[in-house]
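See below for the structure under consideration.
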Amino acid sequence: MSRRTVIAAAIAAASLVFGASFAAASSTGGSLKGAGSTFVFPLVSQWQANYKDAQITYGSVGSGAGIAAITGRTVDFGASDAPLTKDQASACKGCQEIPWALSSTSIPYHVPGVAYGLKLTGKILANIYLGHITKWNASAIKKINPGVSLPDLKITPVYRSDGSGTSWNFTDYLSRVSPEWKSKVGVGTQPNFPTGIGGKGSSGLAGVVSRTDGAIGYVDEAYSLKNGFKVAKIQNRAGKFQLPGLRGIKAAAATITRVPKSGELSIVNPPKTQK
């Protein structure tokens, strides 16, 4: 195809692994100890099951803690969904960053009586997390969901309370779709969210969403599937409303044709066409 359309704006993200050196773990034996991203934990768990001859231990402690662990050399590798800052790279002497996984950030919501696949835009998401849109029956949400009965229910934004690469990717996305978010909050692994409730780790965030009527959050799609969450359709730059999934991840990744010198890549809000 000479024209490639990106069909997902459900936030696609790259996960990084980094370390000073790697032990000789393989199918013939050895051991590796790692820590970091909760986002990538479901995938690492599958790898652990597949490679039974190698002893692989992984602490799902969050990207920030993973960076601290490899910097302190208490693990063989750390995992983060956010790239190292210049200061972190300097402190983690000799560490190498390697992209090792792709996934999508889903937007789960807990709204009784509202079915799976509620439509949201990036601007609406930003305004929810800025505290501007506070009810599920707000006019902006009703306008793009005709025929959906939306309750007069308070929206409770849920965010990661710990240092999180998922937060970095989510706030990177919000910064790209909302100038106000970019100027007031910006991008970070542990930003100062203007409103909402915090949950530690992906499981902690999922737990808050699960038990809070009116909640909305952001978490790797694997956690939404595991918890049976209803997930929003997010409008992409082609104007289509899409759910997270493999097809969208692959389409977003396909827009990357070169790696910049900084090594930092962002595919959270890919262009609608390439070539």
In region 209-251, which residues are surrounded by fewer than 21 Cβ atoms within 10 Å (Cβ to Cβ) and under 15 Å from Ile155 (Cβ atoms)?
-> Thr212, Asp213, Gly214, Lys230
When you go through (1) in a helix (DSSP H, G or I); (2) farther than 19 Å from Ser37 by Cβ one by one for Gly94, which number turns out not to apply?
-> (1)
Within 17 Å of Ser37 (Cβ to Cβ) and either of a type in the set (Gly, Ala, Ser) or out of contact with any Phe, Trp or Tyr (no Cβ under 6 Å at 6 or more places or on another chain) (or both): does that describe Ser139?
-> no
Of (1) within 19 Å of Ile67 (Cβ to Cβ); (2) surrounded by fewer than 20 Cβ atoms within 10 Å (Cβ to Cβ), Thr171 fails just (2)
Filtering region 69-121 down to residues that are over 22 Å from the mean Cα position of the chain (by Cα) and under 30 Å from Lys240 (Cβ atoms) yields Pro112, Gly113, Val114, Ala115
Matching residues, region 76-94, being at pLDDT 85 or above, surrounded by fewer than 22 Cβ atoms within 10 Å (Cβ to Cβ) and either touching a helix residue (DSSP H, G or I) at 6+ places or on another chain (Cβ under 7 Å) or in the same structural domain as Asp172 (by TED's automatic domain parsing) (or both) = Ala91
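The values are calculated or read from the model by the stated rules, or taken from the named source; none is laboratory data. Treat the numbers as computed from the prediction; the structure is a model and nothing was measured. Every residue, glycine among them, receives a Cβ derived from its backbone with ideal geometry; neighbour counts consider all protein chains shown.
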